[in-house]
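Trainee: Let me begin by handing over the structure; questions about it come next.
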Amino acid sequence: RDDRHTVDVSFVGRGAMTKILVLLAALAVGGPAWGLVSPSTKLRTAVCRPLQAVETRGFFDKFDDYKEASRAYRRTVYGADEWRKHRSTKRYFRALQTSLLSGVLRGLALELVMIGAIAGAVVGLSAFGVFHPAIPALPLTLTAPALGLLITFRTNSAYGRWWEARKIWGAVINKTRDLTRQSHWFRNTERARKFSALAIAFGYALNAHCLKGTIPDPTNHISPHKSVDDKLEGELAPLVGQEKTDEILAAPHRPVEVCRLLTQCLAEEGLTPQLEARIDETIAFYSDFGGMCDRLQKTPMPLVYTRHTARALAIWLMLVPSALLGAGLSAPTIVISSLAIATLMFGIDELGVQIEEPFSVLPMDSYCNGLRALHDYATFVPSPNPPRLYM
């Protein structure tokens, strides 16, 4: 013990290898596992503060920037040609050929470098005779099923969120088509065109609302527009006019503001109570869709589950090289196998993380532009006196 620094190193001794590996795991995941080896408070502070400083300086930003920028290229809308290519027998060869260009693999560069460095350290310590950092493979074998369940459940839950978002937007498309069709009940053609345009504007407003809440730097995703607001203004102004566009942009919740304008336009037309109730029911669905998107946008999966999965996966993968050394594998095999296992396991977890927030990977612009084409194609003519419907 050095009285000047007061660092407790009594944990090195019996079972030193296991404790050192746990110590390495704690360094990688930010220090939460330090309590397992009971270091002093000063030692924990000495390690955690540099880690926090590195993250504050933006050391990881370049990796995160690539992940965020690549999300804009995952908004493919499939047609006949895309589906034919998707089920082609050559898909495996294409996948292998482009492995090094994989967005998931490139996004995991930092994690894979960490695992490779640990594998190299394990091999080097053994080769130079410092000590033999081998552990039995049985603990990893026993915990692998539990870890697999953790990752699988998280990935399945993330896919459920993505699919729910897609169903919400499918419902938005269907109800918007209904409103553009129902606008032909209006006798005032100018008001009918205005009502149909507002129905299309709801999709654009909801798109911007979802993106603004999930994209910290919209320039990575939206080009050539400078921001989500700039993009929305460019979409709405030719559709509903600058005055209505300014009203929508100034609203705290833009999809709700479009619903208000739709209700106002419907009330001005003065349809029969039956028709008005039927159209108003369709507008009410818009409010539900906005609330559903808010729920997905503002509520991630429980953070305690996400963090526990990340910690367990990181520690498990950092112990793999020592287990492979204990199995008697050669040095190159240990490094290559550790990287291959890490790529597989980290990749599965990364897939779940990427789709947990679904809006920035859904092709919502394509959905909105498709609805806009319906409005532009429609011909608005005066409607005959609508029949009185009895309910």
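The values are calculated or read from the model by the stated rules, or taken from the named source; none is laboratory data. This structure is a prediction, so every number in the text was calculated from the model and none was measured. Using ideal geometry, Cβ is built from the backbone for each residue, glycine included, and neighbour counts are taken over all protein chains shown. Calculation scope for accessible area: heavy atoms of the full protein, side chains included, ligands and nucleic acids excluded. Shrake-Rupley method; radii C 1.70, N 1.55, O 1.52, S 1.80 Å.
Trainee: Regarding THR189, is this residue open to solvent by 30 Å² or more (accessible area, probe 1.4 Å), over 18 Å from PHE380 (Cα atoms) and either touching a Ser or Thr at 6+ places or on another chain (Cβ under 8 Å) or modelled with pLDDT under 95 (or both)?
Mentor: no
Trainee: Return yes or no: is VAL240 at pLDDT below 95, open to solvent by less than 40 Å² (accessible area, probe 1.4 Å) and in contact with a Leu (Cβ under 7 Å, 6 or more places away or on another chain)?
Mentor: Here the answer is yes, as VAL240 does meet what is asked.
Trainee: If you don't mind, there's one more thing I want to ask. Does LEU329 satisfy the criteria of being in a helix (DSSP H, G or I) and either out of contact with any strand residue (DSSP E or B) (no Cβ under 6 Å at 6 or more places or on another chain) or not small (Gly, Ala, Ser) (or both)?
Mentor: No, not satisfied.
Trainee: Cβ contacts < 9 Å: first residue within 13 Å of LYS67 (Cβ to Cβ) and open to solvent by less than 10 Å² (accessible area, probe 1.4 Å), restricted to the stretch 350-366; second residue of a type outside the set (A, V, I, L, M, F, W, C) and in a helix (DSSP H, G or I), any location; separation 6+ or different chain. Result?
Mentor: SER360/GLU68; SER360/ARG71
Quick grid of which residues meet (1) open to solvent by 40 Å² or more (accessible area, probe 1.4 Å); (2) within 30 Å of GLY352 (Cα to Cα):
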site	(1), (2)
ALA267	yes, no
GLU281	yes, no
GLY290	no, yes
ALA310	yes, yes
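Trainee: From LYS167, LYS175, grab the single residue that is of a type in the set (D, E, K, R), under 30 Å from ALA72 (Cβ atoms) and open to solvent by 70 Å² or more (accessible area, probe 1.4 Å).
Mentor: Numbers: LYS175 fails: open to solvent by 70 Å² or more (accessible area, probe 1.4 Å).
Within the list LYS167, LYS175, the selection yields LYS167.
Trainee: Taking the stretch 73-131, which residues are part of a helix (DSSP H, G or I), hydroxyl-bearing (Ser, Thr, Tyr) and touching a residue at least 24 places away in the same chain (Cβ under 8 Å)?
Mentor: Residues satisfying the conditions are TYR73, SER126.
Trainee: Moving to a separate point now. Can you find even one residue in the stretch 121-137 that is at pLDDT below 95 and either within 18 Å of THR309 (Cβ to Cβ) or of a type in the set (Asp, Glu) (or both)?
Mentor: no
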